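The structure appears below as structure tokens.
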Amino acid sequence: MRSSGKHEMVLIPGDGEHGAAGICYGASTAGGRVFNATSANGLLYSIEQMPVQSGTRMPMVLNLVCRSVSGPLDIRGDHSDLYSTLNLGWLVFCAKDPQSTYDMIAIATKVGENMDVRLPSIVANDGFFTSHQKRRVYRFKEDKVLQDFIGPYKYTHSSVDPSNPTTFGPYMNDPDQINNKKQLSLAMYASNKVIDEVFAEWEKISGRKYNKLETYRMEDADAAILILNSAADTAMVAADRLREKGKKVGVIYPTVLRPFPSEELRNVCKNLKSLLVLDRADVYGANGGAMTLDAKSALKDDPQNRTVVFSRIYGLGGRDFYDVDAVELFELALKTAASGKAETPYDYFGAEPGDVSYQLPTKNPAIKREKSEPGVISVVKDEKTGQLVVKGVKQRELTTMPQRIAPGHGACPGCGIFPNIGTFLKGIEGNVVMLWHTGCGMVVTTGYPNTSFNITYIHNLFQNGAPTLSGALEMFNERKRRGEIPAGEDITFIMVTGDGGLDIGLGPTLGTAIRNHKMIVLEYDNQGYMNTGHQLSFCTPIGHQTSTSNVGTHATGKTFHHKDTAQLFAATHVPYVFTAAESNYKDLIRKAAKAQWYARNEGLVFGKLHSVCPLNWRHADEVGQELTQLAIDCNFFPLYEVEHGITTLNYDPEEKGNKVDVLAWLEKMGKTKHLLKKENAPIVESFRKEVDRRFQRIKAMSQNPLL
């Protein structure tokens, strides 16, 4: 919409969710209206910033598309991310369908900005169940209707007003801190009245009525289900079915979770015999999910209430919740209402005990060390230059190397990840442990209970892969020192990242490099977040189209140049940094052998691999190597290495007579077709100049060891 000129909102691409949260906080201090969106572990990565936003009383709206929190990794919907926010001082609005999501974002904006409230708000809707629904949504044709409803933003202080300097977030001692939290608490409760008023205003302009606690068929119910978001519709269908059989059941679902609608729940449950609270996330060890604990607390404050409250955890990891499931749970609630006691106050619904005779799929036998050390490649140090010399990179002999990543993964045809990583591993001898960041490479190889790895594999998220692997290798070394592992045992530790992993994970990975742990970090650079739909990465080149750098009348793709991760890691002065590509396989294998020597003997190695993505770059599956070579020959992806600060250019397209213009590469991809238009020539020229400047810099460094 932005690229088509339909609005003038500014999208700032954060380096990760933590950075995005900081951008939002900074923008809100400057007197602006701010919106953000995230889900699952992205929310948890930003969570440090969230109490800062509420504690300094800076309104904003966060659309939380609720998804399961890793680990293990599951991208589908539950409320484990939402429940982690309930004690952070944010208002929480709940939307059960696309229409209420649209409505609640406007409502949350107005409530949070109210001068008696001034708090940030979350609007929570269910990942996939709601976020990917195709439903009719009524919206206002004229922006002015919404603008008049919300009104102009009125800030109390601004960080960009030199005439009124203000300190935001000062250091506080006793009793100031407790008073600050008391004020936040007062603001949270003050929002109750404001929410009711804003709900009434919204009904006047839209015709859609909301209450903090919605009820369905509760007029004479004996038993009810309390449930959040999209599953409420399923529960209502089941309630209708049981009502037809004369069974008195009802449904309760909050549209506001913070502040919790305690008084409203007490009023609804005055004559209710049993309340089954269904939580799509657990509070481990507390005998119920967060909403169960809230409901019990609210009803306990009414000494006359005799409702039996009990808990079931359901739908974790996106497990579907059908009307037959709701009927079964209603029957359980009715049984509890009749007996006056819950036989099992807390349990999981839908978890399967499994078959005790089930055996995991047969794994390939462990790769014996002697098989993975054919002794074909030799690495020796040149005493004069101090650099390593690699010999024996012969394709035929290296075919005997065992495959650490077995066939059978689910990557797209033509994907560049596995030709790159597989070729690299041919230069690595002996035992290997690999850690993979979240991304395409991880997802397509480890669908439980299967795995494509014939070696030990660890997964962690973008932001913490390198520290995780460094912890494993340091403990390995310590256990060797203690004699728990044979002294002659050796393992090469390799982390694989890509799909934007060195945007979100750049800081911790640089920290790992500065500590100089003896490991290898490989980045398959496919220029975007491909696993989630090709969002903009800092590695995306200028002008390239992604799902968050669109092309239209008001935009022509990414607006800034690509990040050079190889040079960033070279600046940490680790022993060895290199770039490589599958189209130059001997060079790639030679650099792998050097990488292993340095990782075994001196410290961290960083390697950057050019990795095509036919699906999102929009090119034919079979032209990956050709496209990679064009990227090299137009100087976009120079092949070089940095040993102890000395740069060596391994391939100069001009000297080889292979130099081509950047257009020869750009014209081969659908994501850059718009750059071939005459009006976009300035973007291409800017790209060409930057590419050539960076190449000439590498070449100059290669010619002068001091650079």
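The values are calculated or read from the model by the stated rules, or taken from the named source; none is laboratory data. Since the structure is predicted, the reported quantities are computational estimates derived from the model, not experimental observations. When we count neighbours, we look across all protein chains shown, and the Cβ atoms used for this are built from the backbone with ideal geometry, even at glycine.
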Contact list, first residue from region 386-411 and within 26 Å of Glu602 (Cβ to Cβ), second anywhere and outside any helix (DSSP H, G or I) and of a type in the set (Asp, Glu), beta-carbon distance below 8 Å, six or more apart or interchain, is Gly386/Glu643; Gln387/Glu643; Leu388/Asp382; Leu388/Glu643; Val389/Asp382
Kindly indicate whether Tyr640 is modelled with pLDDT of 95 or more, surrounded by fewer than 21 Cβ atoms within 10 Å (Cβ to Cβ) and either of a type in the set (Phe, Trp, Tyr) or not assigned by TED's automatic domain parsing to the domain that holds Ala570 (or both). no
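Specify which of the listed residues (Leu663, Leu615, Leu604) is touching a Phe, Trp or Tyr at 6+ places or on another chain (Cβ under 9 Å), in the same structural domain as Cys539 (by TED's automatic domain parsing) and modelled with pLDDT of 95 or more.
On the way: Leu663 fails: touching a Phe, Trp or Tyr at 6+ places or on another chain (Cβ under 9 Å); Leu615 fails: touching a Phe, Trp or Tyr at 6+ places or on another chain (Cβ under 9 Å).
Of Leu663, Leu615, Leu604, the one residue that is touching a Phe, Trp or Tyr at 6+ places or on another chain (Cβ under 9 Å), in the same structural domain as Cys539 (by TED's automatic domain parsing) and modelled with pLDDT of 95 or more is Leu604.
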Can you tell me which residue among Ala298, Ala221, Ala200 is buried (at least 24 other Cβ atoms within 10 Å of the Cβ), without any contact (Cβ under 8 Å) to a residue 60 or more places away in the chain and farther than 17 Å from Arg312 by Cβ? Ala221
With criteria (1) in contact with a strand residue (DSSP E or B) (Cβ under 8 Å, 6 or more places away or on another chain); (2) closer than 20 Å to Met58 by Cα, Ser131 comes up short on (2)
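Quick one: would you say Leu276 is buried (at least 20 other Cβ atoms within 10 Å of the Cβ) and within 29 Å of Trp90 (Cα to Cα)? First the steps, then the outcome.
On the way: buried (at least 20 other Cβ atoms within 10 Å of the Cβ): yes; within 29 Å of Trp90 (Cα to Cα): yes.
Judged against the criteria, Leu276 is a match.
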Flagged in region 188-236 as closer than 22 Å to Tyr83 by Cβ and part of a helix (DSSP H, G or I), in numbering order, are Met188, Tyr189, Ser191, Asn192, Ile195, Ala231, Ala232, Asp233, Thr234, Ala235
Identity of the residue in region 237-247, out of contact with any helix residue (DSSP H, G or I) (no Cβ under 8 Å at 6 or more places or on another chain) and in a loop (DSSP other than H, G, I, E, B), that ends up nearest to Lys296 (Cα to Cα): Gly246
Given the structure, is Ala599 farther than 30 Å from Glu667 by Cα and among the aliphatic types (A, V, I, L, M)? yes
Of the numbered conditions (1) farther than 30 Å from Phe330 by Cα; (2) buried (at least 16 other Cβ atoms within 10 Å of the Cβ); (3) modelled with pLDDT of 95 or more, Tyr155 fails exactly one; give the number of that condition. (3)
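Of these, Gly71, Gly77, Gly89, Gly32, which one is crowded, with 17+ Cβ neighbours inside 10 Å and either over 29 Å from Ala187 (Cα atoms) or modelled with pLDDT under 95 (or both)? First the steps, then the outcome.
Working: Gly71 fails: crowded, with 17+ Cβ neighbours inside 10 Å; Gly89 fails: either over 29 Å from Ala187 (Cα atoms) or modelled with pLDDT under 95 (or both); Gly32 fails: crowded, with 17+ Cβ neighbours inside 10 Å.
After applying the criteria, what remains is Gly77.
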Failed item, numbered, when Glu328 is tested on (1) on the phi < 0 side of the Ramachandran plot; (2) touching a Phe, Trp or Tyr at 6+ places or on another chain (Cβ under 6 Å); (3) free of Cβ contacts under 8 Å to residues at least 60 places away in the same chain: (2)
Failed item in (1) closer than 18 Å to Thr546 by Cβ; (2) part of a helix (DSSP H, G or I); (3) in contact with an Asp or Glu (Cβ under 9 Å, 6 or more places away or on another chain), with Lys668 passing the rest: (2)
Taking region 136-148 and keeping residues within 33 Å of the chain's Cα centre (by Cα) and over 13 Å from Gln99 (Cβ atoms) leaves Asp143, Leu146, Gln147
Is it true that some residue in region 172-181 is assigned to a helix (DSSP H, G or I), at pLDDT 95 or above and in contact with an Asp or Glu (Cβ under 8 Å, 6 or more places away or on another chain)? no
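Would you say Leu62 is out of contact with any Cys (no Cβ under 7 Å at 6 or more places or on another chain), crowded, with 23+ Cβ neighbours inside 10 Å and closer than 25 Å to Leu213 by Cβ? Steps first, please.
On the way: out of contact with any Cys (no Cβ under 7 Å at 6 or more places or on another chain): yes; crowded, with 23+ Cβ neighbours inside 10 Å: yes; closer than 25 Å to Leu213 by Cβ: yes.
The answer is yes for Leu62.
Looking at Arg600, Arg590, which is the one that is basic (Lys, Arg), farther than 21 Å from Cys415 by Cβ, touching a residue at least 12 places away in the same chain (Cβ under 8 Å) and in contact with a Ser or Thr (Cβ under 8 Å, 6 or more places away or on another chain)? Walk me through how you get there before you give the answer.
Values: Arg590 fails: in contact with a Ser or Thr (Cβ under 8 Å, 6 or more places away or on another chain).
Answer to the check: Arg600.
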Looking at (1) closer than 26 Å to Phe199 by Cα; (2) surrounded by fewer than 18 Cβ atoms within 10 Å (Cβ to Cβ), which is the only condition Asp323 fails? (1)
Sole exception among (1) outside the structural domain of Val574 (by TED's automatic domain parsing); (2) in a strand (DSSP E or B) for Val376, by number: (2)
In region 304-345, anything outside any loop (DSSP other than H, G, I, E, B), out of contact with any strand residue (DSSP E or B) (no Cβ under 8 Å at 6 or more places or on another chain) and either among the small types (Gly, Ala, Ser) or farther than 30 Å from Phe128 by Cα (or both) is listed as Gly317, Gly318, Lys335, Ala338, Ser339
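Mind listing just one residue for me: the one in region 480-536 that is among the aromatic types (Phe, Trp, Tyr) and touching a helix residue (DSSP H, G or I) at 6+ places or on another chain (Cβ under 6 Å) and, of those, farthest from Pro614 (Cα to Cα)? Even if it seems obvious, please write down each step before you answer.
So the first thing to find is which residues in region 480-536 are among the aromatic types (Phe, Trp, Tyr), and the list is 493, 524, 529.
The next check asks that each one be touching a helix residue (DSSP H, G or I) at 6+ places or on another chain (Cβ under 6 Å); those that pass are 493, 524.
Values: Phe493: 29, Tyr524: 14 Å.
Here the residue is Phe493.
Among the residues of region 437-451, are any β-branched (Val, Ile, Thr) and either more than 33 Å from the chain's Cα centre (by Cα) or closer than 20 Å to Gln596 by Cα (or both)? If you could, list the steps in order and put the result at the bottom.
Within region 437-451, the first condition is being β-branched (Val, Ile, Thr), and the residues that meet it are 438, 443-446, 451.
Subsequent filtering for residues that are either more than 33 Å from the chain's Cα centre (by Cα) or closer than 20 Å to Gln596 by Cα (or both) retains none.
The answer is no, given that none of the residues of region 437-451 is β-branched (Val, Ile, Thr) and either more than 33 Å from the chain's Cα centre (by Cα) or closer than 20 Å to Gln596 by Cα (or both).
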